[in-house]
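What follows is a single structure, written as structure tokens, with notes after it.
The values are calculated or read from the model by the stated rules, or taken from the named source; none is laboratory data. Quantities reported herein were computed from a predicted structural model and do not represent experimental measurements. Here the Cβ positions follow ideal geometry from the backbone for every residue, glycine too, while neighbour counts run over all protein chains shown.
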Amino acid sequence: MPIGATGCGSRSAKNSASPSCISIYGAATARPGRYYNFAALTAREDLVKDHPEVAAGAIRAVRSAQKALRADPSLATGIGEKLFPADEAELIAPLIARDAPFYDAVITREAIDGVMKFAKGFGLIKDVLPYETVVATEFSGLWKE
């Protein structure tokens, strides 16, 4: 279960049957206290432990992409044209422009609490995981670079 970042850090619980991962992306809220959008870029925990420079590079790349898209949402159209039919590709820049204010690589305790409650409430997880288990806080210094 990836949990993480319009941008950073998710890790599944130790001794879990699910793959260990970190999330390298942040959270967006549709309403205060409600976390509807929560994109994540995940990596296995062993990658983070053995190659932290790779995880750090991914965080920097996401932050750089967020900054570029906030400055010029139309950059997404060119990529969209390569991946989607033309009528769908033209919709991407306005969506990016709408969502750009929510791009943030920071994952707050409130965000994780909300996601955990949501996942448990729908039976997706048995137990709520602590923030420190879910978020790769060792990369928090990169979240706001």
Practice problem: Taking G114 as the residue in question, decide whether it is at positive phi and of a type outside the set (A, V, I, L, M, F, W, C). | Solution: no
Practice problem: For the range 28-43, state whether one or more residues are surrounded by 13 or more Cβ atoms within 10 Å (Cβ to Cβ), within 16 Å of the chain's Cα centre (by Cα) and modelled with pLDDT of 85 or more. | Solution: no
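Here are some residues: A119, A100, A111. Which one is part of a helix (DSSP H, G or I), at pLDDT below 90 and within 16 Å of R63 (Cα to Cα)?
Values: A119 fails: within 16 Å of R63 (Cα to Cα); A111 fails: within 16 Å of R63 (Cα to Cα).
Being part of a helix (DSSP H, G or I), at pLDDT below 90 and within 16 Å of R63 (Cα to Cα) holds for just one of A119, A100, A111, which is A100.
Take S74 and decide whether it is surrounded by fewer than 15 Cβ atoms within 10 Å (Cβ to Cβ), touching a helix residue (DSSP H, G or I) at 6+ places or on another chain (Cβ under 7 Å) and modelled with pLDDT of 90 or more. Lay out the reasoning, then the answer.
Working: surrounded by fewer than 15 Cβ atoms within 10 Å (Cβ to Cβ): yes; touching a helix residue (DSSP H, G or I) at 6+ places or on another chain (Cβ under 7 Å): yes; modelled with pLDDT of 90 or more: yes.
Yes, satisfied.
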Exercise. Could you check, for the range 127-137, whether at least one of its residues is surrounded by 15 or more Cβ atoms within 10 Å (Cβ to Cβ) and in contact with a strand residue (DSSP E or B) (Cβ under 7 Å, 6 or more places away or on another chain)?
Key: yes
Exercise. Just one of (1) closer than 19 Å to E138 by Cα; (2) surrounded by fewer than 20 Cβ atoms within 10 Å (Cβ to Cβ); (3) within 17 Å of the chain's Cα centre (by Cα); (4) at pLDDT 50 or above trips up P2, so point out which.
Key: (4)
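Name the one entry in V54, V48 that is of a type in the set (A, V, I, L, M), under 18 Å from the mean Cα position of the chain (by Cα) and at pLDDT below 90.
Numbers: V54 fails: at pLDDT below 90.
Only one candidate passes the filter, namely V48.
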